[in-house]
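Chemist: The structure's right below; bear with me while I get my questions together.
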Amino acid sequence: MSAPIRLLLADDHPVVRAGLRAVLATEPDFEVVAEAATAERAVALAERERVDVVLMDLQFGPGMHGAAATAAITARPDGPVVLVLTTYDSDADILAAVEAGATGYLLKDAPPEELAAAVRAAAAGRSALAPTVANRLIDRMRTPGVALSRRETEVLQLVADGLSNQQISLRLHLSQATVKTHLVHVYGKLGVDSRTAAVAVARARGLIRR
């Protein structure tokens, strides 16, 4: 028999981790070797433990974001692959995860057999995307001229979170003039003329979190 696929579960909700462990334990070729309640802990465990696949949430409350942890883990030449498992399917989240190096992106409502197949695909170096996520990426490829860029979605998500241009510039290490330029491009692509309208349209289209 081949060696089992060694898994690290990274999620800040104990109930979610327990549920994932229970589901994955039914697969004879899986072995959950570690759990992390924070993104920082996930990065440390991925470096210390022998892990093949990290199942990574995106939101961990205060501290490191799941996409940042994904980037840190996948930056290592001998690091494990990362399969994002989250409740968010906005362009902002998907693009952040893909850019960070995630091999796959699933939603938490995925059936157990889909999750198991995605883990095996990730361990084999293949991409594993939820159908809705794959469709969103295909739609972006079909309309590149009107699709918001990774940075534009990031800026707009922070606007939706209530940050001012100054706060966004500090968060993203950009000048305020650059932030304003990104917003001008966002307004043009969405056909709006205000921050409020941009947020409303982006949320309706699933570009940013509701």
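Chemist: As I understand it, the value is the acute angle between the Cα axis of helix 150-160 and the longest principal axis of the Cα atoms of the chain; what does it come to in degrees, rounded to 10?
Modeler: Its long axis makes an angle of about 70 degrees.
Chemist: Provide Y105, Y88, Y187 ordered by accessible surface of protein heavy atoms (probe 1.4 Å), highest first.
Modeler: Y88, Y187, Y105
Chemist: So what is Rg over Rh here for the chain, counting just Cα atoms and using Kirkwood for Rh?
Modeler: 1.00
Chemist: Calculate what fraction, in whole %, of the accessible area of segment 1-85 sits on carbon and sulfur atoms when a 1.4 Å probe is rolled over the protein chains.
Modeler: Numbers: 2330 of 4000 Å².
Reported share for carbon and sulfur atoms: 58 percent.
Chemist: State in Å² the accessible area per residue of the chain; use a 1.4 Å probe, count heavy atoms of protein chains only, and round to the nearest integer.
Modeler: For the chain, the per-residue accessible area is 49 Å².
Chemist: Hey, with R₀ at 30 Å, roughly what FRET efficiency would R203 and A110 work out to, going by the Cβ-Cβ distance, to 0.05? It would help to have the intermediate numbers written out before the result.
Modeler: Numbers: r = 23 Å, r/R0 = 0.77.
The value I calculate is 0.85.
Chemist: What is the sum of charges around H185, taking Lys and Arg as +1, Asp and Glu as -1, for the other residues whose C-beta is under 12 Å from the C-beta of H185?
Modeler: Result for the local shell: +2.
Chemist: Which FRET efficiency value, to the nearest 0.05, is calculated for R126 and V15 with the Förster distance at 30 angstrom and r the Cβ-Cβ distance?
Modeler: Values: r = 30 Å, r/R0 = 0.99.
Once rounded, the FRET efficiency stands at 0.50.
Chemist: Here's another thing I want to ask about it. Based on Cβ point charges of +1 for Lys and Arg and -1 for Asp and Glu, what charge dipole magnitude is obtained for segment 67-210 about its Cα centre, in debye rounded to the nearest 20? Show your work: numbers first, answer last.
Modeler: Numbers: 17 positive and 13 negative charges, 57 e Å.
That gives a dipole near 280 debye.
Chemist: Going by accessible area, probe 1.4 Å, with all protein chains left in place, what is the ranking of S90, S127, largest first?
Modeler: I get S127, S90, largest accessible area first.
Chemist: Would you compute, for the Cα atoms of segment 28-128, the largest minus smallest coordinate along each principal axis and list the three values in descending order, in whole Å?
Modeler: 34, 32, 23
Chemist: Let me know the whole percent of all Cα-Cα pairs from segment 1-80 that are separated by more than 15 Å.
Modeler: On the way: 1643 of 3160 pairs.
Here the long-distance tail beyond 15 Å is 52 percent of all Cα pairs in segment 1-80.
Chemist: For the chain, what does the relative contact order come out to in percent, with C-alpha contacts under 8 Å and a separation of six or more?
Modeler: Across the chain, relative contact order equals 15 percent.
Chemist: So what's the angle, to the nearest 10 degrees on a 0 to 90 scale, between helix 195-205 and the longest Cα principal axis of the chain?
Modeler: That works out to roughly 40 degrees.
Chemist: Something else about it: Considering the alpha-carbon set of segment 122-168 alone, what are its Rg and its Dmax in angstrom?
Modeler: For segment 122-168, the Cα radius of gyration and maximum Cα-Cα distance read 14.9, 44 Å.
Chemist: In addition: Using amide H atoms built in the peptide plane, which far-off residues or other-chain residues are under 5 Å from V84 H to H?
Modeler: For V84, whose amide H was placed from the backbone, the distant partners under 5 Å are M56, T103, G104, Y105, L106.
The values are calculated or read from the model by the stated rules, or taken from the named source; none is laboratory data. Everything numeric in this text was worked out from a predicted model, so none of it was measured. Cβ: placed from backbone, ideal geometry, glycine included. Neighbour counts: every protein chain shown. Each accessible area value is taken on the protein alone, full model and side chains, heavy atoms only, with ligands, DNA and RNA left out. Shrake-Rupley method; radii C 1.70, N 1.55, O 1.52, S 1.80 Å.
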